[in-house]
Every structure is written in structure tokens, then in C-alpha cells.
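The values are calculated or read from the model by the stated rules, or taken from the named source; none is laboratory data. Treat the numbers as computed from the prediction; the structure is a model and nothing was measured. We place every Cβ from the backbone using ideal geometry, glycine too, and count neighbours over all the protein chains shown. These area figures cover heavy atoms from the full protein model, side chains too; ligands, DNA and RNA do not enter into them. Shrake-Rupley method; radii C 1.70, N 1.55, O 1.52, S 1.80 Å.
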Amino acid sequence: MTNPLFQPLRIRSLELANRIVMSPMTRSRSTDGVPGQDVADYYSRRASGGTGLIVTEGVAIDHATAVDHVNVPNLHTPEALAGWRKVVDDVHAAGGKIVPQLWHVGPLWGAMMQLDPELKPMRPSGEWGPLGVTSYTAEYVERAQAVTEAMTEQDITDVIAAYARSAVNALEVGFDGIALHGGHGYLLDSFLWEGTNKRDDAWGGDIERRTKFPVAVVAAIREAVGPDVPIIYRFSQHKQQDFTAKIAETPEELGVILGALVDAGVDVLDASIRRFDVPAFEGSDLSLAGWAKKLTGAVTMAVGSVGLGKSLRDSRIEGSSPVVDNIPELEKRIGTGEFDLIAIGRLHLADPALATTLRAGDPLPAFDRAVHEGSLT
């Protein structure tokens, strides 16, 4: 088949049948952090539908303040590991591949629900970040902007070790690789962003030092999992604290960050943006994923509003998004090599067999926020 969406791709030990990826989407449906059969069914339906790779919702690493909702799954308790083993087995039985997205919310601790106030959120400099364009409630923002203790050297050592432990756990239950959430203002991203990293030691200051912590996490995982396991790293310009924020003002700055991550062991750069086809920098039509590929030569993945006329944030503000057939533009960009993979979120909720729908050229499904956003169907 000549359609570029359906060309195979090999990334280290991972062999993908096509370029379609299910994007990670928080479900908060794993009671006490344990994914049940409903979670296994949810992911295996997408595998049965032909999706090449599934990236799970964010999964808590083995650290006390990794996530702030009791029903976000984890990757360290015996019960959760048993639940994930069933998820992985079911996805594999359906012919799919699956990786967990390891997650630490960092400065955004407390955004989903209020938890133990005695627990210290992990923040590079004790700051939530400068307030910009955000969808968070004023009540949460006021609470979150209170300055807390900055991460200590011991905190940094402990979190790096927690990432590595969780990556090893993922392989032990059968996952096909590792994904890291390094965007949107969460912990890894908060070290990259000047708005949250005001340190003047080895972990902050200029752009090279701000990159040191996420690089150390990647290097620890690579050492723990060995040379054959693919590592996917999600990065973004925008933050949940400020949708207009950036980690890099120029392609050269972006190259410093992404080049260091690839050198540390990242195989796939997952460029998170609200629309996959939006130019990342003035003077070029290249998307953020396109720039990542041009700057590093790594495999890159785009994401954002595939088949939809509104971004996720805009659809939440204004209602459900209209269907827009931007698939020809997507096929063109993958076909020319601008990027290699496309992560699709909302349409995978609307249609578990989305890959089959795209292969057949059938009409795109409608995404109804009220029906699909919190669904496990």
C-alpha cells in the first residue's frame, strides 16, 4: 500500500505496522491506581482496530508526588503491575504494540484534586510558574502560586531513580518500550522552562543546564533498560500554566535541548502542539515535529487536531469540534518525511477502529466532548 500512513517502521526492537499512534489521554479510571479489565478492553479495542502503537495515559512513577489523582494508574504496586500485565497481554493478543507514558506532574501537583498538604510538590525552584493564558480555575491558581521549597539534590536523585525503577517495571510486565511526558509544564518540562527553573546551580541557569535534569532521567532509563528498548519523549512549547510559553525562542535553542535528549538515548521525539500543521517558527512552514527531525535526525511524531477543526482547549471552551478532513495534509507531510508518526487522541475516542477507517478512506468520526471525553468505550 502506497499510503504513507500505512508504511511499516522499526524503532530499535519495536516493529510498527503503520504510522498511526494512539495519543496518551488521561482517563482517571484506574481505581486506587490499578488498571482493571475495562482499561484492558479500552486499549485492546484500539489494537484490534489497527492502530500501530498505543501510548497509554500518563502513569505515575514510583514517587510520592508523581500524580495528584487516586485513580490515575501507577507502575509500582503489585496490584497495578498485575493489572498492566493483563492490559499488555490483551493488546498483544489483538495484534497491537503498547508503551506506558511515565508521568510526574511536578509543579502542577494539586491540579486534579487536593491531596496531603504535607507532601512537597517537586518544583525546580519552588514556583508554579508565571501566570499566563491558562484554563485552570482561579481557586487552584491562587493556591498553586504559593512558593514551596525547591527540589533538593536528594529530591533530584530520588526522582531520577524512580523513573528508572518504573521503566524496569514496565518491561517486566511486557510493555514494548517507554514513553516520557516531558511537556505541558510537568516535572521534566519545568526544568526546561525559565518560568519555573530559576536555579543557579548545575540544574539551572543557561539552556544547557536547564536541560540537564531531563537528560539525566533519559540516561538513567537507557542504562536501566538496555540498548534495544525504544524511548519516546514528549516535549512541548506551551505549558498548562501559560499556553503562550516557550522553552525555545529559536530553532537553535530547540536544537540544544532536543540534541541533548537524543544523545542521552531518546529515539522518538513526540512534538506536542495543538495543531499538527502549524509552523513552529517564523520564516518556515515546518511544524514543531518537522523542526525536531531537521535538527536531530531522530524519528519524530506530530500530534494535534487530526480530523478536527478545533484544538482540545478550544473545543472545551466552545463545545465539540467540527470534523475537518485534513488527512490529505497529514499524508503529504508524512510522505515527504517532515515527520514519521502521527499521534491521534480525540478521534481514537470517537472511533476505536480509527486506523481501519483511515485505511478504507471512510468518513471521519464526529467527536462529541460530552460523550467521548471521559469515556472508556
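Of note:
- Per-residue extension of 0.36 nm, minus the Cα-Cα distance of Lys198 and His69, leaves a gain of 43.7 nm for this segment.
- Relative to the compact-globule estimate of 2.2 N^0.38 Å, the Cα radius of gyration of the chain comes out at 0.91.
- Normalising the Debye intensity of segment 112-265 to I(0), with uniform scatterers on Cα atoms only, and taking log10 at q = 0.17 Å⁻¹ returns -1.04.
- Size check on segment 223-342: the Cα extents along the three principal axes, sorted descending, read 45, 33, 33 Å.
- Across segment 7-89, Cα-Cα distances exceeding 18 Å account for 45% of all pairs.
- Taking Cα centre as origin and charging only the Cβ of basic (Lys, Arg, +1) and acidic (Asp, Glu, -1) residues, the dipole magnitude of the chain rounds to 680 debye.
- Each of Ile232, Gly110, Leu349 was scored by the projection of its Cα onto the charge dipole of the chain, and the greatest displacement toward the positive side belongs to Leu349; charges sit on the C-beta of Lys, Arg, Asp and Glu.
- Modelled spin labels at Glu223 and Thr137, positioned 7 Å past Cα toward Cβ, are 4.3 nm from each other.
- When a 1.4 Å probe is rolled over the protein heavy atoms, the share of accessible surface on the chain that falls to carbon and sulfur comes to 51 percent.
- Each residue, Ser284 and Thr356, gets one label point 7 Å from its Cα in the Cβ direction; the gap between the two is 4.0 nm.
- Whole-percent pair-distance distribution, where bins are 10 Å wide, for the alpha carbons of segment 140-201: 17, 41, 30, 12, 0
- Segment 61-158 pair-distance distribution - Cα-Cα, 10 Å bins, rounded %: 13, 37, 28, 16, 5
- Cut-off 19 Å, label 7 Å out along Cα→Cβ of Ala93, residues of segment 25-61 by amide N: 35-51, 54
- Other residues whose C-beta falls under 12 angstrom from the C-beta of Leu180 contribute a net charge of -1, scoring Lys and Arg +1 and Asp and Glu -1.
- Taking the DSSP bridge list for the chain and keeping only pairs wholly inside it, about 10 percent are antiparallel.
- Mean shadow area of segment 229-294, taken as a quarter of the surface of its Cα convex hull (nm²): 4.7 nm²
- Sparse-neighbourhood loop sites, GluC sites (Glu not before Pro) in segment 73-152 - DSSP loop, at most 10 other Cβ within 10 angstrom: Glu118
- Where segment 220-377 is the region considered: accessible area per residue in Å², 1.4 Å probe: 39 Å²
- Using a simple spin-label model with pseudo-atoms 7 Å out from Cα toward Cβ, Glu329 and Arg85 lie 4.6 nm apart.
- Residues of segment 149-199: accessible area per residue with a 1.4 Å probe, Å²: 29 Å²
- Estimated FRET transfer efficiency when R0 is 25 angstrom, pair Arg209-Gln145 (beta carbons, to 0.05): 0.50
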